[in-house]
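One structure is given here, and the rest of the page talks about it.
The values are calculated or read from the model by the stated rules, or taken from the named source; none is laboratory data. Remember, it's a predicted structure, so these values are computed and weren't measured experimentally. Surface areas here come from the heavy atoms of the whole protein model, side chains and all, with no ligands, DNA or RNA. Shrake-Rupley method; radii C 1.70, N 1.55, O 1.52, S 1.80 Å.
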Amino acid sequence: QVQLAESGGGLVQAGGSLKLSCAASGRTFSIYAIAWFRQAPGKEREFVAAIIWSGGSTFYADSVKDRFTISRDNGKNTVFLQMNSLKPEDTAVYYCAALGGYYRDLSRPISYDYWGQGTQVTVSS
């Protein structure tokens with residue numbers, strides 16, 4: 001099994017930046033992709049960004065393209081989400097998710113096998 005631990009959330013003013021971290025442990029060799037999702041109150045869980053665990057290809061939702069960057073560390077056990085030019089509509093609980101084994105639609109929550117507990121990001125006006 002894979003365990004995911006998010007950190008880095010907090011309160012930031014509009015236009016500011018935050019960097020989230022997702023540390024993966026356990027059976028990490030089975031991971032195909034790591035993604036960030038977010039969920040605001042009253043809304044469905046929304047795809048933010050994904051990275052292929054070994055190859056490094058990245059994918060972004062249109063709403064965060066050119067503002068957010070997903071990356072991995074040298075050891076490939078931690079994934080980051082650098083968030084710049086934050087907007088109030090970015091306010092949500094951000095979740096790290098791992099897709100195990102093989103490719104499937106990266107934008108769908110149902111595709112993912114493991115989830116972190118989430119970290120709150122609040123962007124004030």
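A few comments on the model shown:
- Normalised by the number of residues in the chain, the mean separation of alpha-carbon contacts (under 8 Å, six or more apart) gives a relative contact order of 35 percent.
- Residues in the stretch 3-79 average 51 Å² of solvent-accessible surface per residue, probe 1.4 Å, ligands and nucleic acids excluded.
- Evaluated at q = 0.16, 0.19, 0.21 Å⁻¹: base-10 log I(q)/I(0), Debye formula over Cα of the stretch 15-89: -0.59, -0.81, -0.96
- Partners for LYS43 among aspartates and glutamates (Cα-Cα distance below 13 Å; same-chain residues under 8 apart left out): GLU89, ASP90
- Phi angles across the stretch 110-121 convert, under the Karplus curve 6.51 cos²θ - 1.76 cosθ + 1.60 with θ = phi - 60°, into 3J(HN,Hα) values of 5, 6, 9, 9, 9, 9, x, 7, x, 9, 7, 10 Hz, Gly and Pro given as x.
- Carbon and sulfur %, accessible surface of the chain computed with the full protein complex present, 1.4 Å: 47 percent
- Under-5 Å amide H pairs with GLY9, H placed in peptide plane, nonlocal only: none
- Whole-Hz couplings from phi, Karplus 6.51/-1.76/1.60, listed for the stretch 13-28; x for Gly and Pro: 7, 3, x, x, 9, 9, 10, 9, 10, 10, 9, 9, 9, x, 7, 5
- Converting the Cα gyration tensor eigenvalues of the stretch 1-57 into ellipsoid dimensions via √(5λ) gives semi-axes, longest first, of 24, 14, 12 Å.
- Accessible area in the full protein assembly, largest first, 1.4 Å probe, for GLU89, GLU44: GLU44, GLU89
- Note on LYS19: lysines with a C-alpha under 22 Å away, same-chain residues under 8 apart excluded, are LYS65, LYS76, LYS87.
- Remark: the stretch 60-66, residue by residue, has Karplus-estimated 3J(HN,Hα) of 9, 5, 4, 5, 10, 4, 6 Hz, where x stands for each Gly or Pro and the curve is 6.51 cos²θ - 1.76 cosθ + 1.60 at θ = phi - 60°.
- C-alpha center-to-center spacing [the stretch 1-16, the stretch 74-119] in angstrom: 10 Å
- Residue order by solvent-accessible surface for ASP90, ASP113, ASP73, ASP62 is ASP62, ASP113, ASP73, ASP90, largest first, with ligands and nucleic acids left out and a 1.4 Å probe.
- Descending semi-axes in whole angstrom, ellipsoid equivalent of the chain, from the Cα gyration tensor: 23, 14, 13
- Under a 5 Å amide H cut-off, with hydrogens placed 1.01 Å from N, ASP113 pairs with ALA98, LEU99, GLY100 among residues at least 5 apart or on other chains.
- Computed on protein heavy atoms with a 1.4 Å probe, the accessible areas place SER30, SER125, SER25 in the order SER125, SER25, SER30, largest first.
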